[in-house]
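Chemist: Once you've had a glance at the structure underneath, I'll fire off some questions.
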Amino acid sequence: MVHEIEKRNTAQPVEFRASDTGAGVLTGYAAVFNRYSQNLGGFVEQVAPGAFNKSLGDATPVIARYNHNDDFLLGTTEAGTLTLTVDGTGLRYDVELPDTTAGRDVAALAKRGDLRYSSFAFRALDDDWGVTDQGFPFRTLLNVQLVDVAPVNTPAYMDTTAGMRSLAERLHMEVDEVRITPVEEIRSLLSVEKLPPESRAEPESKDGQSETHPTIAMLRRRLDMVQSAPVSR
């Protein structure tokens, strides 16, 4: 299965310091752990602390690009000009800016305080879905393949189609159906998904065998059963 590339932004300060080589060193947090995102078009999202462990452990090649643009390459892990570390805050990057037009431009913007956002591009390898305390669907990124980190000018519109597709797969629905389904029903269906098997009262198919991958209709039947079940006292 080919996982689509997704991008997320964070409003963490981007710091600049001078160095003896190149145009200076840029430091920022591409991702912050356990913090809910903005509304991503029907759901919110957070990054689990272990989400980048596999990429870093496997020494997956990662690049730093200004605004995710190939024309503005700033550094790479393979060349040792980009360093990635994980701490209690999130995924930190330190990139030695090159003595190129792109590097000098980014250095000038950072020194003036114009760069205020960072971003990371990734492929989601494992995620989980639940609901917030307010009953809003939320996604937790558990394991991602890191593609790049980037200082960016503004938190531009993020294409969250891949995230919606993940939710649709979890609920055995089409993406378009998820988009038009009321949030209240999405929340209820996710709650049913979280129930232990013995609480789901899963119907059997016509041949007498339980279905391994329930359809949306079956999830809704489960929801009806749960809601209509007598409350024990």
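Chemist: Condition (residue is within 20 Å of V144 (Cβ to Cβ), buried (at least 17 other Cβ atoms within 10 Å of the Cβ) and assigned by TED's automatic domain parsing to the domain that holds H68) applied to the stretch 12-21: is it met by at least one residue?
Modeler: Yes, the stretch 12-21 contains a residue that is within 20 Å of V144 (Cβ to Cβ), buried (at least 17 other Cβ atoms within 10 Å of the Cβ) and assigned by TED's automatic domain parsing to the domain that holds H68.
Chemist: Kindly evaluate E78 against the criterion of being of a type in the set (D, E), under 18 Å from the mean Cα position of the chain (by Cα) and not in a helix (DSSP H, G or I).
Modeler: Answer is no for this residue.
Chemist: I'm trying to understand the selection: among the residues of the stretch 47-63, which are surrounded by fewer than 17 Cβ atoms within 10 Å (Cβ to Cβ) and either over 18 Å from A150 (Cβ atoms) or at pLDDT below 95 (or both)?
Modeler: P49, G50, N53, K54, G57, D58, A59, T60
Chemist: Can you name the condition, by its number, that G130 falls short on among (1) outside the structural domain of G41 (by TED's automatic domain parsing); (2) surrounded by fewer than 18 Cβ atoms within 10 Å (Cβ to Cβ); (3) at negative phi?
Modeler: In the conditions (1) outside the structural domain of G41 (by TED's automatic domain parsing); (2) surrounded by fewer than 18 Cβ atoms within 10 Å (Cβ to Cβ); (3) at negative phi, G130 misses (1) alone.
Chemist: Part of a strand (DSSP E or B), out of contact with any His (no Cβ under 9 Å at 6 or more places or on another chain) and of a type in the set (A, V, I, L, M, F, W, C): which single residue out of A59, A124, A51, A64 fits that description?
Modeler: Unique residue meeting the criteria: A64.
Chemist: Within the bounds of the stretch 67-78, is there any residue that is over 30 Å from F136 (Cα atoms), among the β-branched types (V, I, T) and in contact (Cβ under 8 Å) with a residue 24 or more places away in the chain?
Modeler: no
Chemist: Let me ask another. Can you tell me which residue in the stretch 64-88 is surrounded by the most Cβ atoms within 10 Å (Cβ to Cβ), limited to those that are more than 26 Å from N34 (Cβ to Cβ), in contact with a strand residue (DSSP E or B) (Cβ under 7 Å, 6 or more places away or on another chain) and not hydroxyl-bearing (S, T, Y)?
Modeler: Out of the qualifying residues, it is L74.
Chemist: Still on this structure: Within the stretch 1-25, take every residue that is part of a strand (DSSP E or B), among the hydrophobic types (A, V, I, L, M, F, W, C) and out of contact with any helix residue (DSSP H, G or I) (no Cβ under 6 Å at 6 or more places or on another chain) and give me the one that is modelled with the highest pLDDT.
Modeler: Among them, the one singled out is V25.
Chemist: Let me ask something additional. Keeping to the stretch 89-126, report how many residues are touching a residue at least 40 places away in the same chain (Cβ under 8 Å) and under 18 Å from the mean Cα position of the chain (by Cα).
Modeler: So the answer is 14.
Chemist: Give me the pairs, please: first residue somewhere in the stretch 23-47 and more than 12 Å from N9 (Cα to Cα) and assigned by TED's automatic domain parsing to the domain that holds D126, second residue anywhere and of a type in the set (G, A, S) and surrounded by fewer than 19 Cβ atoms within 10 Å (Cβ to Cβ), beta-carbon distance under 6 Å, and either six or more positions apart or on two chains.
Modeler: Going by the 6 Å Cβ cut-off, the qualifying pairs are G24/A18; V25/S19.
Chemist: Spot the failing condition for W129; the list is (1) farther than 19 Å from N143 by Cβ; (2) under 22 Å from the mean Cα position of the chain (by Cα), and only one is missed.
Modeler: Status for W129: all satisfied but (1).
Chemist: Could you identify the single residue in R92, R123 that is closer than 21 Å to H3 by Cβ, charged (D, E, K, R), surrounded by fewer than 20 Cβ atoms within 10 Å (Cβ to Cβ) and in the same structural domain as V32 (by TED's automatic domain parsing)?
Modeler: Matching residue, one of R92, R123: R123.
The values are calculated or read from the model by the stated rules, or taken from the named source; none is laboratory data. Everything numeric in this text was worked out from a predicted model, so none of it was measured. In this analysis, Cβ positions are derived from the backbone assuming ideal geometry, glycine residues included, and neighbour counts consider all displayed protein chains.
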